[in-house]
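The values are calculated or read from the model by the stated rules, or taken from the named source; none is laboratory data. All values derive from a computational prediction rather than experimental measurement. We place every Cβ from the backbone using ideal geometry, glycine too, and count neighbours over all the protein chains shown. With ligands, DNA and RNA removed, areas are computed over all heavy atoms of the protein, side chains included. Shrake-Rupley method; radii C 1.70, N 1.55, O 1.52, S 1.80 Å.
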Amino acid sequence: KKSLTDGTRECLETLGDPDQSVILRYFVNQSLRSPSHTDFDHIAFFVTSGFENWLELSRPKISHAFSRHLKNVPASNVIDTTFGINERVDAKGIVVQKIETSDLEFIASKLELLSIQTIAVGFLHSNLNSENEKAIKSYFVQKGFQVFLSSEEKAFLPETQRWQNTLFKARKAYREKKIESELEALRLQYKNLKVERLTSDESVLKLEPL
């Protein structure tokens with residue numbers, strides 16, 4: 001199984017003539033459908049301090065036959081780069097602890113060393129008050145990061161579902177950026193390569209030239 005760009009490069013090499021005109025069309029949903037654990041190596045996940053393992057612990061339980069020991073269903077979105085942030089909003093939506101900029105400076109430096117530019121944020125009770133999440137976004141966007149907030153999800157969703165949705169959006173954004181970067185490298189190598197992206201909106205296919 002090859003990636004979009006690897007498969008394209010292989011096909012172009014079989015043509016033999018780098019000056020030959022070629023049109024590449026790819027379907028966005030298909031390119032982003034299968035999650036990859038390597039995607040999450042390039043995403044940071046910020047959560048309320050003390051809840052770093054909450055997504056993993058909240059997953060459904062499974063039990064093997066003839067065993068009394070329950071195990072969590074393996075997570076498909078394991079994030080090694082999860083950071084607990086000192087902040088707190090209570091169950092009434094009151095900010096108990098605000099974000100301290102000094103705490104974020106070290107994290108920003110670490111993310112730059114890890115070449116991570118995409119951040120998902122899931123703070124407890126952010127659906128009631130998104131002040132702390134917005135403070136995080138404001139700080140990191142100014143430094144050139146992509147930031148996705150759980151408070152931007154539908155407020156009635158369970159906390160863990162909002163966090164998972166935010167992680168998915170961050171992963172999708174990372175993959176889109178990665179694909180576009182790789183396609184740009186192909187365009188530089190093959191001057192006559194034309195790339196068109198197919199997207200779907202309410203079952204209608206749209207063709208977007210890149």
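In the structure displayed, which of 143/194; 110/191; 134/177; 143/172; 172/194; 98/172 lie more than 31 Å apart, Cα to Cα? Let's see the in-between values first.
On the way: 143/194 33 Å; 110/191 38 Å; 134/177 23 Å; 143/172 21 Å; 172/194 23 Å; 98/172 29 Å.
Flagged as over cut-off: 143/194; 110/191.
Compute the distance in nm between two label points, each set 7 Å from the Cα along the Cα-to-Cβ direction, one at residue 168 and one at residue 94.
Rounded to a tenth, the inter-label distance reads 3.5 nm.
Amide H of residue 87: which non-local residues (sequence gap of 5 or more, or other chain) have their own amide H closer than 5 Å, using H built in the peptide plane?
Excluding prolines and chain starts, which carry no amide H, the hits are 49.
Quick check: pseudo-label points 7 Å beyond the Cα along Cα→Cβ at residue 181 and residue 142, how many nm apart are they?
About 2.5 nm separates the two model spin labels.
Please give the solvent-accessible surface of residue 130 in Å², to the nearest 10, using a probe radius of 1.4 Å with every protein chain present.
Surface accessible to solvent at residue 130 totals approximately 30 Å².
Please tell me the relative contact order of the range 99-207 in percent, rounded to the nearest whole number, where contacts are Cα pairs under 8 Å and at least six residues apart.
21
Please go through the range 123-180 and write out the chymotrypsin sites (Phe, Trp or Tyr not before Pro) that DSSP classes as loop and that have at most 15 other C-beta atoms within 10 Å. Working shown, then result.
On the way: sites: 123, 139, 140, 145, 148, 156, 163, 168, 174; in loops: 123, 145, 156.
Passing sites in the range 123-180 are 156.
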